[in-house]
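A.B. asks: I have a structure I would like to understand better, so I am pasting it below and will then ask my questions one at a time.
The values are calculated or read from the model by the stated rules, or taken from the named source; none is laboratory data. In this text, all values refer to a predicted model and were calculated from it rather than measured experimentally. Quick reminder, even Gly has a Cβ in these numbers, built from the backbone with ideal geometry, and neighbours come from all protein chains shown.
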């Protein structure tokens, strides 16, 4: 008997994730505020769910992939939410990036209904979702992780059990610190080199061949110097993640001095109205500070 998977949240990552599940032979019931996304997946073989409660009642496994903590709480705990359709033996994984405290709150509420829960945020952005190559960081009980693992392997390549509930979100916060710093460091290098008269294509080529090489540079460096900020992961979502990181640091009493500066740089980007740009668009903030634009002279 095929496993029934409910999936709520059909954005630029959720939609390709559902497509992979359908291709792997799972029955999938979907829901999203964007009905066009629902229709597109129904045409591929998915079922349209009436609301989160009805999807939960139908499902063996249910996944949420939503923008922020309030969205997850509303879908899970709100009127006609997952909790109203929850049943003994249902497995739930939130693959959104939300506050660790919010993840634990949702898990605790569903656990009282007999639902077996995980927090399982992902890294890899749109490209990772489309290529089924996401990195998935999972918190919860090992036995629940083992049951969910066949589904996770359809969606990602690096799947890591991180520990107790909430630990997936903690590791995701750590990931987002490092990614943001990589972008800001690359932006500063490109702006300095450009203002000094060096073609940024040369800078990227040299840095990619040495100790400064990062995946951020490999994937986004060539696009940044062509001023292509088409989003693979929108800046406003990374800013949201940085807000979560700063709150989590406060909760645990951990000073994050450099992350605090990066947070303010992303805040400046939001103030400029550039939240829809890819997070590599943080380059524009550093450019404004220096009074220069980075663009390669190469064709």
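A.B. asks: Has segment 34-46 got at least one residue that is within 26 Å of residue 146 (Cα to Cα) and not assigned by TED's automatic domain parsing to the domain that holds residue 232?
C.D. replies: yes
A.B. asks: Being buried (at least 19 other Cβ atoms within 10 Å of the Cβ), more than 30 Å from residue 170 (Cβ to Cβ) and touching a helix residue (DSSP H, G or I) at 6+ places or on another chain (Cβ under 6 Å) is true for just one of 45, 85, 49, 81. Which residue is that?
C.D. replies: Going through 45, 85, 49, 81 in turn, the sole match is 49.
A.B. asks: With respect to residue 180, determine if the residue is at pLDDT 95 or above, surrounded by 15 or more Cβ atoms within 10 Å (Cβ to Cβ) and part of a loop (DSSP other than H, G, I, E, B).
C.D. replies: Considered against the rule, which asks whether it is at pLDDT 95 or above, surrounded by 15 or more Cβ atoms within 10 Å (Cβ to Cβ) and part of a loop (DSSP other than H, G, I, E, B), residue 180 comes out as no.
A.B. asks: Given the conditions (1) buried (at least 18 other Cβ atoms within 10 Å of the Cβ); (2) modelled with pLDDT of 95 or more; (3) more than 24 Å from residue 252 (Cβ to Cβ), report the number of the one that residue 161 does not fulfil.
C.D. replies: It is condition (3) that residue 161 fails.
A.B. asks: To continue, here is another question. Look through 96, 54 and report the one residue that is in a loop (DSSP other than H, G, I, E, B) and in contact with a helix residue (DSSP H, G or I) (Cβ under 7 Å, 6 or more places away or on another chain).
C.D. replies: Just one listed residue meets the conditions, 96.
A.B. asks: If I ask for residues that are in contact (Cβ under 8 Å) with a residue 12 or more places away in the chain and outside any loop (DSSP other than H, G, I, E, B), which ones from segment 24-49 would you list?
C.D. replies: Across segment 24-49, the qualifying residues are 27, 28, 29, 30, 31, 37, 38, 40, 41, 42, 47, 48.
A.B. asks: Turning to a different aspect of this structure: Look through segment 1-41, keep the residues that are in contact with a strand residue (DSSP E or B) (Cβ under 7 Å, 6 or more places away or on another chain) and at pLDDT below 95, and return whichever of them is surrounded by the fewest Cβ atoms within 10 Å (Cβ to Cβ).
C.D. replies: Going through the qualifying residues, I end up with 2.
A.B. asks: Filter segment 57-72 down to residues that are assigned to a helix (DSSP H, G or I) and in contact with a strand residue (DSSP E or B) (Cβ under 8 Å, 6 or more places away or on another chain) and give me whichever is farthest from residue 104 (Cα to Cα).
C.D. replies: So the residue we want is 58.
A.B. asks: Moving on. Here's a check for you: in segment 123-153, which residue that is over 18 Å from residue 233 (Cα atoms) and in contact with a helix residue (DSSP H, G or I) (Cβ under 8 Å, 6 or more places away or on another chain) is surrounded by the fewest Cβ atoms within 10 Å (Cβ to Cβ)?
C.D. replies: Among residues in segment 123-153 that are over 18 Å from residue 233 (Cα atoms) and in contact with a helix residue (DSSP H, G or I) (Cβ under 8 Å, 6 or more places away or on another chain), the one surrounded by the fewest Cβ atoms within 10 Å (Cβ to Cβ) is 151.
A.B. asks: If you check residue 54 against the conditions, is it surrounded by 24 or more Cβ atoms within 10 Å (Cβ to Cβ), more than 28 Å from residue 232 (Cβ to Cβ) and in contact (Cβ under 8 Å) with a residue 24 or more places away in the chain?
C.D. replies: No.
A.B. asks: Would it be correct to say that residue 75 is buried (at least 19 other Cβ atoms within 10 Å of the Cβ), touching a strand residue (DSSP E or B) at 6+ places or on another chain (Cβ under 9 Å) and closer than 23 Å to residue 156 by Cα?
C.D. replies: Here the answer is no, as residue 75 does not meet what is asked.
A.B. asks: Might you let me know whether segment 240-254 holds any residue that is modelled with pLDDT of 95 or more, more than 20 Å from the chain's Cα centre (by Cα) and more than 24 Å from residue 174 (Cβ to Cβ)?
C.D. replies: No, the conditions are met nowhere in segment 240-254.
A.B. asks: Restricting attention to segment 135-147, does a residue exist that is in a loop (DSSP other than H, G, I, E, B), at pLDDT 95 or above, outside the structural domain of residue 214 (by TED's automatic domain parsing) and out of contact with any strand residue (DSSP E or B) (no Cβ under 6 Å at 6 or more places or on another chain)?
C.D. replies: Checked against the condition, which is being in a loop (DSSP other than H, G, I, E, B), at pLDDT 95 or above, outside the structural domain of residue 214 (by TED's automatic domain parsing) and out of contact with any strand residue (DSSP E or B) (no Cβ under 6 Å at 6 or more places or on another chain), segment 135-147 yields at least one hit.
A.B. asks: On the basis of being touching a residue at least 60 places away in the same chain (Cβ under 8 Å), assigned to a helix (DSSP H, G or I), touching a helix residue (DSSP H, G or I) at 6+ places or on another chain (Cβ under 7 Å) and closer than 19 Å to residue 155 by Cβ, does residue 21 make the cut?
C.D. replies: yes
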